[in-house]
Amino acid sequence: MSGGPVGTTWAETYRFTASTLHRPSSMGELRGVITSGTRVRALGTRHSFTDLADSAELVSLERLIIEPVLDANRREVRVSAAMTYGALAAWLEHRGWALQNLASLPHISIGGAVMTATHGSGLANGSLSAAVRALELVTGDGQVLRIDDTDPRLAGVVVSLGAVGVVTRLSLAIVPSYRLRQQTFAVARWADLVHDVPALMSSAYSVSIFTDWLDRHELLIKSREGDADAADHVGSALTDLPDTENVTPRRGVWGPWSERLAHFRMDARPSVGAEIQTEYLVDIRDSEAAMEAVRRISEPFAPHLFVSEIRAVAADDRWLSMAYGRDSLSIAHTWKRHPEAVASALPVLERALEPFSPRPHWGKVFSPLFDVTPLYPQMDAFRSLAGELDPGGVFRNGFTRRVLGLG
């Protein structure tokens, strides 16, 4: 059930200090690991960039077999927290169903993505946590607890960063299958991007801006079959760009959502690989000012940047979601693996965004001095909930103490 050294996160930005990685194959084994008297955290697909998932010992659910269960009448699917979004997408599409949204990478585990409020794009599309209708978790004393949408605690538990228990199952809202096409365009002028950002982000099912903040700007438009042609909304000074080997098809060919909604193919390398990611979400109403503020400070850091992606996320009610209570604009940087340069850039980037109350993505890198507490109106309620569900602090770690103030 236990293994040796845990290794690193997927992009090798952090090496785990945990002494043991447990891989239980039954609920009994899982409960035994959790009640063993040590500090423990759940480990998913390692797509974080910090010590978020680290602890004295870690537990993976990859050997705990939980098959998906479809409930067409309720329009939901019950899944393992360890299942990846790519695997679930294929499973649902085969049965004529779909998820409303996916993140860029289909490789990530459902539990890890939900716990960190990871998201896709679209002003009508909430974060992945917004789709959760119920979940089951094992608490610090080994109890199996089910919380559904009739329980007000669900809004606090869904995005809990693993700090209240090990989530084993989730029930997600689903919709009938649909078809998408992707088109990538080059944009000649920065002014065309910041003219009316909310309108641009609403011009298709999913819209992403890719930029180096200087003179290279691209739009990735994902259109749903039957919707208006997004190209009519983004202007005429655009030209098609070719696909690359690890992305989902972008030449305007219609296909199933499961092969278009994520940016990257499940059978290929996700993103760049050797990278560091940072991301901050601001109120969509501050889009133009926030984008201009970042552009003004970006030139010195350009040699260290692969690309930035700008997306929109609909508001939700999850207490620690970056989109809690506000339609949001996400400003994400994919940096080259130059940790010293990124460490220098972060305080400058955060000062530029400070007037817009930026909420950093929980799974990505942000400055150690960044105080997130004032940014979340329900932070005190969350701390109380964590104390209720994990009074012994089994699931606390350096990250939850340092960032969330959980003693």
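The values are calculated or read from the model by the stated rules, or taken from the named source; none is laboratory data. Given the structure is predicted, the values throughout are model-derived calculations rather than measurements. Backbone-built Cβ (ideal geometry, glycine too); neighbour counts: all protein chains shown. Only protein heavy atoms, including side chains, enter the accessible area calculation; ligands, DNA and RNA are left aside. Shrake-Rupley method; radii C 1.70, N 1.55, O 1.52, S 1.80 Å.
Structure above, values below:
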quantity	calculated
Looking only at the range 127-152, and only at residues there that are closer than 22 Å to Pro391 by Cα and within 21 Å of the chain's Cα centre (by Cα), the one that is most open to solvent (accessible area, probe 1.4 Å)	Glu136
Matching option when the condition is closer than 25 Å to Arg133 by Cα, in contact (Cβ under 8 Å) with a residue 12 or more places away in the chain, in contact with a Lys or Arg (Cβ under 6 Å, 6 or more places away or on another chain) and crowded, with 19+ Cβ neighbours inside 10 Å, among Ser321, Ser330	Ser330
Unique match (being free of Cβ contacts under 8 Å to residues at least 40 places away in the same chain and either under 30 Å from Ile221 (Cα atoms) or charged (D, E, K, R) (or both)) among Leu200, Leu172	Leu200
Unmet requirement for Val294, which otherwise passes all of (1) of a type outside the set (S, T, N, Q); (2) without any contact (Cβ under 8 Å) to a residue 40 or more places away in the chain; (3) under 27 Å from Asp192 (Cβ atoms)	(2)
Within the range 58-87, tally of residues that are of a type outside the set (Gly, Ala, Ser) and closer than 27 Å to Pro360 by Cβ	6
Subset of the range 180-223 (residues that are within 18 Å of Ser328 (Cα to Cα), assigned to a helix (DSSP H, G or I) and small (Gly, Ala, Ser))	Ala199
Per-region count, the range 273-294, residues open to solvent by less than 30 Å² (accessible area, probe 1.4 Å), outside any helix (DSSP H, G or I) and of a type outside the set (Val, Ile, Thr)	7
Among the residues listed as Gly122, Gly156, the single one being open to solvent by less than 20 Å² (accessible area, probe 1.4 Å) and at pLDDT 95 or above	Gly156
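Conditions (1) in contact with a Ser or Thr (Cβ under 8 Å, 6 or more places away or on another chain); (2) open to solvent by 20 Å² or more (accessible area, probe 1.4 Å); (3) of a type in the set (Lys, Arg); (4) at pLDDT 95 or above, marked per residue:
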| position | (1), (2), (3), (4) |
| --- | --- |
| Val253 | no, yes, no, no |
| His263 | yes, no, no, no |
| Ser271 | yes, no, no, no |
| Pro300 | no, yes, no, yes |
| Ala312 | yes, no, no, yes |
